[in-house]
Amino acid sequence: MNFSELPLEASMLQTLDSLGYTSATPIQAQTLPLILENKDIIAEAKTGSGKTAAFGIGLLSKLDVKKFRVQSLVLCPTRELADQVAKELRKIARFKHNIKILMLTGGESFGKQLGSLSHQAHIVVGTPGRVLKHLNKESLELTHLQTLVLDEADRMLDMGFLEEVESVINFAPKERQTLLFSATYDSTITAISKKIQHDAVAVKTTHEELANKIKEEFIATANKEESFIKILSEYKPRNVIVFTNTKIEAKELAESLQKRKIDAIAIHGDLEQYERNDVLVQFANKSCPILVATDVAARGLDIKELSMVVNFDLPHGAETYTHRIGRTGRAGAEGIAITLYGSYENEKLEEYRDEKRLFIDDAQLKGSLNFELKPEFVTLVIEGGKKDKLRAGDLLGALTGDAGLGGSSIGKIDIYDRQAYVAIETRFIDDAHKRLKSGKIKGKKFSVWVL
Ligand code: ADP
Ligand code: MG
């Protein structure tokens, strides 16, 4: 979006242009129109996304320069951040003569600040403690305040400034605009928003950065399993993690998919450590294309190059959603995130409405139900590992030696303390199994089985 699409003065547009701000960043494009309309905003955007100019352009545009009173107050968690904000505001403030911006932070001479305040200012940028001190000493007055900004609100709360911020607000008029800017968003931010804002509009651009690389679709369906199979047949993903909200659902879905000749394994909190390992190895070495997981079970799972994430149910909250879909589309590759929802989830769905996401109906899916998904590889387990001095080369030798398998039919080899896993191309599995079982590895016999 161009700044010229906004109701900004020509001199402001010229100044932005001279700063090299040719177009608005997403957070600026989405908050500025609302800020100019005097709406309260709760904005979440990544660091470096241009939040300062977002509120800066807004409050500077609305400033009445002739009125020599504090009209805007920006609270920042640290002196360094206040300094950065003041610098950015001063750059933008060049669009008009005589705008006075004052910094009030701790660690500076209080007396000197008193002197500056006696000359009045339009905008104060400061840290909560020092600003409060001036309010208490009546060297600062907020009766004409129009806009209050809490910049880096999350850090401000983390640093324990809540009480001081609330005390500062007690000095401000009830009729005012309050803007909350933050890099993260959680219940403490929502709580303070409820306390100090009126009908705040939430603007988030954090997932937009993700959306560049992740295609997000939401599908309304009365039969999630069938929709899922259609999706598989359409996209033919190499590997998929399907999230369910409960472990029972995870188990049942994996079993049901297996019955339909769609190879899937469940991973959930009830598995023993060794079982968990068996599952993860198979998923990572392409012996199972679909992993059905609960959030807890998927914790710490590090699979690179995941083609697709499917939410079999709407997750419990947007944060879980972001976390789940963030597993695909890594390292520059495009990922696909599909979320299935039933009519009983319609209410919960509202939280996920976003113009970057595609909402369609099962009837619009292109794939067919006539689809089977077999893994490329099958895993052999050898009951011997590092403790037996077994190395990948030993296993490779035992499989390929004496006119055995071709090297390309052998996939990933994982060696643990007491066990080793070898992925074998599906059509060679019987041959490979026989060879390892009947022959010796490093002059020793090991028991071998197919996972
Ligand atoms: P945030 O507070 O979101 O971490 P900043 O407000 O500090 O980010 O902005 C980061 C950088 O981007 C600054 O150097 C700022 O000058 C620059 N910037 C802000 N808006 C624009 C824009 N529209 N076009 C180009 N650069 C911009
Ligand atoms: Mg900032």
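The values are calculated or read from the model by the stated rules, or taken from the named source; none is laboratory data. This structure is a prediction, so every number in the text was calculated from the model and none was measured. Here the Cβ is made from the backbone with ideal geometry for all residues, glycine too, and neighbour counts use every protein chain on show. Note: areas computed on protein heavy atoms with side chains; ligands, DNA, RNA excluded. Shrake-Rupley method; radii C 1.70, N 1.55, O 1.52, S 1.80 Å.
Worth pointing out:
- Considering segment 117-146, the residues that are of a type in the set (Ser, Thr, Tyr) and surrounded by fewer than 21 Cβ atoms within 10 Å (Cβ to Cβ) include one that is nearest to the chain's Cα centre (by Cα), namely THR143.
- Here LYS251, LYS230 are screened, and the one residue that is assigned to a helix (DSSP H, G or I) and open to solvent by 60 Å² or more (accessible area, probe 1.4 Å) is LYS251.
- Unique match (being out of contact with any Gly (no Cβ under 7 Å at 6 or more places or on another chain) and in contact (Cβ under 8 Å) with a residue 60 or more places away in the chain) among LEU59, LEU75: LEU59
- Test: THR221 is in contact with a helix residue (DSSP H, G or I) (Cβ under 7 Å, 6 or more places away or on another chain) and open to solvent by less than 50 Å² (accessible area, probe 1.4 Å): yes
- Members of segment 4-53 that are touching a Pro at 6+ places or on another chain (Cβ under 7 Å) and farther than 25 Å from THR190 by Cβ: LEU6
- Residue check for PHE283: of a type in the set (Phe, Trp, Tyr), closer than 15 Å to ILE338 by Cβ and modelled with pLDDT of 90 or more: no
- Any hit, segment 106-117, residues being at pLDDT 95 or above, among the acidic types (Asp, Glu) and in a loop (DSSP other than H, G, I, E, B): no
- Taking first residues from segment 36-54 that are farther than 19 Å from MET1 by Cα and partners that are open to solvent by 20 Å² or more (accessible area, probe 1.4 Å) and near ligand 1 (Cβ under 10 Å from one of its atoms), the Cβ contacts under 9 Å between residues at least 6 apart in sequence or on separate chains come to THR47/ALA183.
- Any hit, segment 365-375, residues being aromatic (Phe, Trp, Tyr), within 24 Å of LYS259 (Cα to Cα), surrounded by 11 or more Cβ atoms within 10 Å (Cβ to Cβ) and not assigned by TED's automatic domain parsing to the domain that holds CYS288: yes
- Subset of segment 373-384 [assigned to a loop (DSSP other than H, G, I, E, B) and closer than 18 Å to ARG435 by Cα]: GLU383, GLY384
- Matching residues, segment 167-189, being part of a helix (DSSP H, G or I), within 16 Å of ligand 2 (Cβ to nearest atom) and surrounded by fewer than 18 Cβ atoms within 10 Å (Cβ to Cβ): none
- Qualifying residue in segment 266-275 (condition: in a strand (DSSP E or B) and either among the acidic types (Asp, Glu) or over 22 Å from the mean Cα position of the chain (by Cα) (or both)): yes
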